[in-house]
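Structure first, commentary second.
The values are calculated or read from the model by the stated rules, or taken from the named source; none is laboratory data. Quick caveat: nothing in here was measured; it's all calculated off a predicted structure. Counting neighbours? That spans all protein chains shown, and the Cβs are built from the backbone with ideal geometry, glycine included.
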Amino acid sequence: MNQEKIGKFIAACRKDKDMTQSELAEKLGVTDKSIGNWENGRNMPDLSLFKPLCDELGITINELLSGERLKKEAYQEKFEENIINTIDYSTKKINLIRNNLGIVLLMLGILISFTAMTMFASESSWGSIYSIIGAVISLIGVSKLTKKYSYSNRLIICITYFLLFLGSLFIIDYISVISLKQLPRFCTIKTSNEYVYECDNPLYTVYRVNSNTQNEYIIVDTNKKYTIDTVPVVPFNRNKSGIDNIIKYKNKYIGNNSNVGNLIASLPLSEYGFVFKIDSDNLGLIIDYHITDWYINENYYLEKSIVYNSVSIFTLIENVKYIKYNFSGKTYEIKKENVEKNFPNYKDIVNDGVNKDAFNKYLEQKILDNEFIDLCFKKFIS
C-alpha cells in the first residue's frame, strides 16, 4: 500500500470536487491536520473513514487503495491486491497498537513498583503489595510485546522476565536494609516481643530493637545465627554505641579532642546534647549533659548509661583516670581504679587492647540486668 500515492490521489480528487481541506475535514468530522497528513502520505485514514471519504470524493474504496482511477479490466485484479494490502496494513496497525500498549504497561508496571518501594515505609505491607502489582502489570506488557513469538518462547521470556523483576526488587530491598538500616518489605514472618520486632526473609532475618524510640536500631542477620530471644538487646542504639563502632576511637591518650568528642557522641546519653572538657593535669574527662539526671532514669537508663560509658571510655582511652558526669541536677564521678577493681571480668575486656567478645559478654549482655547494673553503679561512684 503506497501511502504517498494514495495521499496525492486524495488531494487530486478533493481539488476536482473544488473542496478545501477544511471543508473535507468538516464533512468527515476530522481536523484539517488529519487531511493534510493523509495527502502528504504521513499516515492513512482510519478504516472506518474509508467509505465516507470515498463517498465525498466520488471514488470507490478499490480506487482509494490503488491511488488512482481504475478501468474495468483492471478492477478485479486491483481489488484482490488491495484486499491483501489492507489486511497487511490492518495487521501492522494492530501490532503497532499492541506494541505501544505493551510498552505503556511495561513502563507503568516498573514505575508503580519502584514508586511503591520509595513511597511507603518499609514496615508497611502496601509497599510489597503494590510492588508485586507493578510486576504483574509490567509482565502483561511483556506478554503483549512478545505476541509475535511462539507460545513456548513467549512463556520462557515471560517467566524469565518476571523472575528477574522480582529478583531486582529483592536486591533493591536488601540494599535498602543494609544501607538505610530498615526493615525489609519482603518477609515471610513478622513476630515481636517487648523489645524486638522480627522480620524473616528467605535469605536473611532483620531485627528491629527498641522500636519507635530514639534508640531504635536494626540488626541484619544474614547467617541466621540469632532468634528473637537471643538477638543482642540493649537500651541504646547498638549500631551507634556498640563496640564494633566505637572501637575505632581507641587511643592511648586523652589529649585528642576530636577523637574524644566523637567517642562521647557515639555513646548513650549523647542524644540529649553535651559539652566536654579535658583535665589534662589530672587526666580526667568532664562531660556536661543538657538534661536533668532524674528525668531520664526510667528503667535504670541513667545507671546503665553511666556504667556502659565508663567501661567503654576507660577501655578505649588508656590514660583516662576519672570521668565526671554533670547533669543539671547532680554530678557523678567515676574513677578508673574503681572500675578496674569492681567491674567483673574487666581484665578480660582489656586483654590485648580490646577484646570485643569479652566486651559484649561481660558488659553488653548484662546491661539489661538491673541488679547487676545497680551494684556496679554503687561501687563505681566515688
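A few remarks follow.
- The helices (runs of 4 or more DSSP H) found wholly in the range 324-373 and carrying at least 3 residues that are surrounded by fewer than 18 Cβ atoms within 10 Å (Cβ to Cβ) occupy 336-342, 356-362.
- Residue check for Ile175: closer than 18 Å to Gly127 by Cα, among the aliphatic types (A, V, I, L, M) and modelled with pLDDT under 85: no
- Residues of the range 271-318 that turn out to be at positive phi and buried (at least 16 other Cβ atoms within 10 Å of the Cβ), as a count: 2
- Hits in the range 18-48 (condition: loosely packed, with under 12 Cβ neighbours inside 10 Å and under 13 Å from Gly58 (Cβ atoms)): Asp18
- Matching residues in the range 204-242 - criterion: being under 27 Å from Phe170 (Cβ atoms) and basic (Lys, Arg): Arg208, Lys224, Lys225, Arg238
- Some residue of the range 144-153 being among the β-branched types (Val, Ile, Thr) and either assigned to a helix (DSSP H, G or I) or closer than 25 Å to Arg238 by Cα (or both): no
- Within the option set Ser176, Ser150, being in the same structural domain as Ile112 (by TED's automatic domain parsing), touching a residue at least 40 places away in the same chain (Cβ under 8 Å), surrounded by fewer than 19 Cβ atoms within 10 Å (Cβ to Cβ) and small (Gly, Ala, Ser) holds for one residue only, Ser176.
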